[in-house]
Every structure is written in C-alpha cells, then in structure tokens.
Amino acid sequence: MIDAGAFTPPPAEPAGSAALATSGCRPARPTVQILYVRYLAARPVDEIQCVAQTRRRHRCTHTVLAPQTRGGQWTLMPVAAHVGQLAPPADTMAVYSLAALPYTEQLRWRSQRCPQHAATPTAADLALAEWEPFDPLPHSDHIHTRLPTLRRRGGPADDPRRGVRA
Ligand SMILES: [Zn+2]
C-alpha cells in the first residue's frame with residue numbers, strides 16, 4: 001500500500017554537483033607519463049616532493065612541480081593493456097603527460113628532483129623516487145576516466161610568468 005499523500009519526491013539536486021565536489025578534484029595518486037612510460041605517483045602532482053638531501057642533511061622540501069616550470073598536461077589516453085591481459089577496466093584514462101616537456105625536464109621528474117637539485121647532481125638522494133610502474137589491472141582503482149578539474153587558471157598570482165623568479 002502506498003500512501004500517495006506521504007510520498008515526497010526527493011529534493012531536486014543540481015545534476016552532478018555532488019560528483020563534481022568529489023571526483024572533480026585532483027586524484028590522490030595520479031598516473032604520470034614520463035618519457036613514454038606511465039607511472040603511478042604516490043601523491044598528487046603538486047605534492048611530489050624532491051628527494052635530494054639539502055646541505056643541512058634534511059630532505060629538500062621543494063616540489064618537483066616548481067612555480068617557474070611548465071609542468072605537464074592532463075590528457076585522456078587509451079588504457080593500454082598488454083597483449084593477453086584481461087580487458088582493461090576502462091577505455092580511456094586521465095594521464096598527467098609530460099610529453100611536451102624537454103627531455104631533461106622529463107628526466108628531472110623521473111629522478112624526482114626540484115629544479116635546483118636537478119642542477120646539483122652531487123647532492124645525494126635522501127629518499128627513493130616514489131614512481132611505481134603503472135599497470136592497469138592492479139592499479140584499476142587509480143584509473144580516472146575524466147580529467148580532473150584544474151584550478152590553475154586563476155588570477156595573476158597563479159600565472160607562473162608573473163611569479164617571482166628566484
Ligand atoms: Zn630539491
């Protein structure tokens with residue numbers, strides 16, 4: 001028995017607002033493509049920390065994505081699976097691609113160093129680079145089929161060209 005009078009339709013929600021709030025943000029463990037190889041990062045793109053040791057024997061606190069550098073680009077790419085593997089969990093996935101960067105910049109990302117320590121090869125690494133080779137099946141939880149919402153196109157403070165150069 002349905003009491004028609006007691007039925008209240010759910011309040012109309014703006015479509016997708018909840019989804020935007022959660023999945024619209026940056027992935028916690030993004031897939032980053034460096035020199036044609038995909039890696040699963042240990043943390044969000046702008047939190048990947050330099051592994052070099054400073055002169056005070058602490059780990060450098062700078063991030064690999066430095067304000068004065070270009071960084072990569074979020075791109076939807078096919079989920080490439082090896083021949084003979086099961087079907088990949090999705091057709092396309094969001095990848096932070098460094099393909100447009102010069103070779104040396106991509107090497108810097110792979111060695112997980114800030115620009116200063118990339119230029120100081122004598123500084124020892126205090127930590128291991130955290131890149132994990134990306135594999136679509138074990139890492140299927142980290143496959144995002146949509147591009148993250150970026151918030152870098154903001155005011156002048158967000159423009160790296162106007163930023164303070166060290
Ligand atoms: Zn550094």
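The values are calculated or read from the model by the stated rules, or taken from the named source; none is laboratory data. Computed from a prediction, not measured in an experiment: that's the story for all the values here. Methodologically, a virtual Cβ is constructed for each residue, glycine included, from the backbone with ideal geometry; neighbour enumeration extends over all protein chains shown.
Tabulated data
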{"read-out": "Every residue from the range 88-119 that is within 13 Å of the ligand (Cβ to nearest atom) and surrounded by 13 or more Cβ atoms within 10 Å (Cβ to Cβ)", "value": "R108, W109, S111, Q112, R113, C114, P115, Q116, H117, A118"}
{"read-out": "Positions within the range 48-82 being within 22 Å of H117 (Cβ to Cβ) and either more than 14 Å from the ligand (Cβ to nearest atom) or assigned to a strand (DSSP E or B) (or both), in sequence order", "value": "Q49, A52, Q53, R59, T63, R70, G71, G72"}
{"read-out": "Where a residue in the range 108-137 is under 20 Å from L40 (Cβ atoms) and touching a residue at least 24 places away in the same chain (Cβ under 8 Å) and its partner, wherever it lies, is within 15 Å of the ligand (Cβ to nearest atom) and assigned to a helix (DSSP H, G or I), with Cβ under 6 Å and at least six apart", "value": "R108/A118"}
{"read-out": "Residue ID - modelled with the highest pLDDT, chosen from residues in the range 62-102 that are of a type in the set (V, I, T) and out of contact with any strand residue (DSSP E or B) (no Cβ under 9 Å at 6 or more places or on another chain)", "value": "T69"}
{"read-out": "Candidates R165, R59, R110 - the one that is among the basic types (K, R) and modelled with pLDDT under 95", "value": "R165"}
{"read-out": "From A127, A123, A100, residue being over 14 Å from the mean Cα position of the chain (by Cα), under 27 Å from T145 (Cα atoms) and part of a loop (DSSP other than H, G, I, E, B)", "value": "A100"}
